[in-house]
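Take a look at the structure below.
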Amino acid sequence: MTVPGPVPHAGSGALFDALMAEVMAGASRFGHREHVYLTWLAVRRYGVAAAIGVVSDGIQRTARYAGAPQKYHATVSRAWVELVGYHAGESGEDDFAAFADHHRALLDKRLLTRFYRPATLASAQAKTGWAEPDLAPFPWRDPEPKGSRHSSP
């Protein structure tokens, strides 16, 4: 794994574009799997905190460019980066296919419904800022002792 380094905010557009080019080199469309792949690459290269900025800024810029700025959702973008980052940190796979195979729940684009009520994600606060999960805590914030659950997302 590459050691995360500081990512200058002004360069996040170029970083996102490079990640997007790498992901799309082997894909015919940018679907959910490719989004997770891009996020996994960003987390591994820059760390979770910087990846939140790179991925969120890139998606927001892409939505604006496509004439659909309303499609950008701040909480959804950050939550996915945090989920991918948590699982990338736990597993340490160097190959995305192995990572995706080991963490199949991440390939379900409805995964956030395990953590959030629809009304919460539909709120203006969630769309433009951050909303904490209100159905279940993220796995790294889980107050239950490890091993008390049968499966983890």
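What follows draws every value from the coordinates through simple rules; no lab data is involved. Because the structure is a prediction, the values reported are computed rather than measured. Cβ: placed from backbone, ideal geometry, glycine included. Neighbour counts: every protein chain shown.
Given points 7 Å out from each Cα along the Cα-Cβ axis, report the ALA14 to ASP134 separation in nanometres with one decimal.
The modelled label-to-label distance comes out at 4.2 nm.
Sorted by mean Cβ packing within 10 Å, highest first, what order do the peptides 99-112, 60-73 take?
Numbers: 99-112: 14.9, 60-73: 13.3.
The packing order, highest mean first, is 99-112, 60-73.
Given labels modelled 7 Å from the Cα in the Cβ direction, how far is it in nm from ALA119 to ALA21?
4.7
Which value results for Rg/Rh of the stretch 9-109 when Rg is the Cα radius of gyration and Rh the Kirkwood radius based on the inverse mean 1/r?
Here Rg/Rh amounts to 0.94.
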